[in-house]
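All remarks here apply to the structure that follows.
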């Protein structure tokens with residue numbers, strides 16, 4: 001078996017990632033290519049869990065800013081993550097992977113209820129576990145859900161899949177002077193307000209010693225490289241040097 005650095009990983013996928021080049025919804029072509037990248041990692045006998053967002057369908061915070069009750073909007077966002085989870089499950093199973101969707105909001109006809117020990121058992125049996133519906137509670141992002149699930153399953157690392165190649169001092173799409181940071185500490189991310197994940201998620205990872213790698217999921221081979229410990233993206237861990 002090839003050398004791998006991480007045996008159990010939590011992959012955080014944004015809902016927007018599933019859009020591909022579309023402005024809304026799910027891009028079947030990108031979803032298929034993403035499933036192929038995930039399969040390459042699963043074939044290395046890595047235990048893989050995934051938390052997926054729902055921003056490509058509905059974002060709770062946006063609904064709240066438009067006058068909707070925040071809790072109601074957040075629940076709608078959680079349901080959007082379930083739709084994405086089922087789409088990803090279908091794509092992965094078409095590649096021959098065994099999967100399970102575990103939902104924090106109970107809906108037994110389409111997903112198993114989230115139970116920590118059951119999730120770990122699925123991972124031990126080589127199944128890709130997809131966590132849906134965030135934490136099951138409003139006012140928490142799917143970033144926080146990813147950090148929480150990573151801690152609960154004792155993940156070696158949390159991989160934040162994005163459309164950029166790492167963490168920058170500013171938005172590289174808006175600021176041409178933005179500088180890529182290969183490494184940064186949890187505390188610097190929180191204190192300096194650098195946009196990696198929300199502060200609750202970063203704090204959870206810091207408290208549990210779970211490193212975060214931010215990388216471009218659109219580039220073929222990147223996910224496999226991260227799992228093998230190659231220098232891809234940006235790493236958030238430990239204290240500032």
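Please treat every number below as a calculation from the coordinates, not as lab data. Everything numeric in this text was worked out from a predicted model, so none of it was measured. Glycine also receives a Cβ, built like all others from the backbone with ideal geometry; neighbour counts cover every protein chain displayed.
For residue 81, the criteria (1) touching a strand residue (DSSP E or B) at 6+ places or on another chain (Cβ under 7 Å); (2) free of Cβ contacts under 8 Å to residues at least 60 places away in the same chain; (3) surrounded by 22 or more Cβ atoms within 10 Å (Cβ to Cβ) hold in every case but one, which is (2). Inclusion of residue 25 among residues that are in a loop (DSSP other than H, G, I, E, B) and under 16 Å from residue 149 (Cβ atoms) is not warranted. Which residues, taken from the range 201-241, are part of a loop (DSSP other than H, G, I, E, B) and either crowded, with 20+ Cβ neighbours inside 10 Å or touching a helix residue (DSSP H, G or I) at 6+ places or on another chain (Cβ under 6 Å) (or both)? Result: 210, 217, 232, 233, 240.
Checking 116, 70, 100 one by one, the residue that is touching a helix residue (DSSP H, G or I) at 6+ places or on another chain (Cβ under 6 Å), over 17 Å from residue 35 (Cα atoms) and surrounded by 14 or more Cβ atoms within 10 Å (Cβ to Cβ) is 70 and no other. When residues in the range 128-173 are screened for being touching a helix residue (DSSP H, G or I) at 6+ places or on another chain (Cβ under 6 Å), within 19 Å of residue 217 (Cβ to Cβ) and part of a helix (DSSP H, G or I), 2 of them pass. Looking only at the range 174-200, residues that are touching a residue at least 12 places away in the same chain (Cβ under 8 Å) and not in a strand (DSSP E or B) come to 13 in all. Could you go through the range 111-118 and let me know if any residue there is within 29 Å of residue 61 (Cβ to Cβ), free of Cβ contacts under 8 Å to residues at least 40 places away in the same chain and assigned to a helix (DSSP H, G or I). Looking through the range 111-118, at least one residue is within 29 Å of residue 61 (Cβ to Cβ), free of Cβ contacts under 8 Å to residues at least 40 places away in the same chain and assigned to a helix (DSSP H, G or I).
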